[in-house]
Every structure is written in C-alpha cells, then in structure tokens.
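The block underneath contains the structure these notes are about, expressed in structure tokens.
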Amino acid sequence: MCYPYNAEKEQKGQAVNQWIRSSGAFDGVIDFDAAARDPNRPAHILATFDSGDHLHPQDAGYKAMADSIDLKTLTARP
C-alpha cells in the first residue's frame, strides 16, 4: 500500500536519510535516494527514472541505483 505524500512525511524521511548518511553508525551507506532524485526538486524522483507513479523507478532508475553502488562497500572489512 502506498501512502499519500505530504510535506510532514517528506521532512521526516529526509531527516532519517540525513542521519543514515552522516551518523557514522554504519560501515557504509548505499544512497539510492541520491542516485534517483531530481537535483532541481530533491523531494521528487528524476523524471527520466519515474515509472509513472512518482514513487517507484523504472528500469533506467533501477540501473542508475545499481550503478551508484561502490562494490568495495560490499566487500570491505571493518
């Protein structure tokens, strides 16, 4: 089930993302939000990656997300 977008949920989601990116609590972070968002409208998926529902990516979006993964993150030892 998809829940309707609202600014309060977006603000909470961005706060969680910022914490994940900057807290140092993780050995590494794969940031699919950064890979797929529209730089001119950061609360939106890039139009060329949008499947049409403004939430889920289409094939090019999934490829961009996959290409954003630094494979060393998956094999590095702490």
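Tell me which of these A15 doesn't satisfy, since it passes every other one: (1) surrounded by fewer than 14 Cβ atoms within 10 Å (Cβ to Cβ); (2) in a helix (DSSP H, G or I); (3) aliphatic (A, V, I, L, M); (4) touching a Lys or Arg at 6+ places or on another chain (Cβ under 9 Å).
(4) is the only condition that A15 fails.
Condition first: closer than 19 Å to Y5 by Cβ and aliphatic (A, V, I, L, M). Now tell me which residues in segment 35-60 satisfy that.
A36, A43, I45, L46, A47, L55
Which ones in segment 50-70 are of a type outside the set (A, V, I, L, M, F, W, C), outside any helix (DSSP H, G or I), closer than 13 Å to F32 by Cα and in contact (Cβ under 8 Å) with a residue 24 or more places away in the chain?
Within segment 50-70, S68, D70 qualify.
Would you mind finding the one in A43, A34 that is at pLDDT below 95 and either within 29 Å of R77 (Cα to Cα) or β-branched (V, I, T) (or both)?
A34
The values are calculated or read from the model by the stated rules, or taken from the named source; none is laboratory data. Since we're looking at a predicted model, the values are computed, not measured. Every residue, glycine as well, gets a Cβ built from its backbone with ideal geometry; the counts of neighbours run over all protein chains shown.
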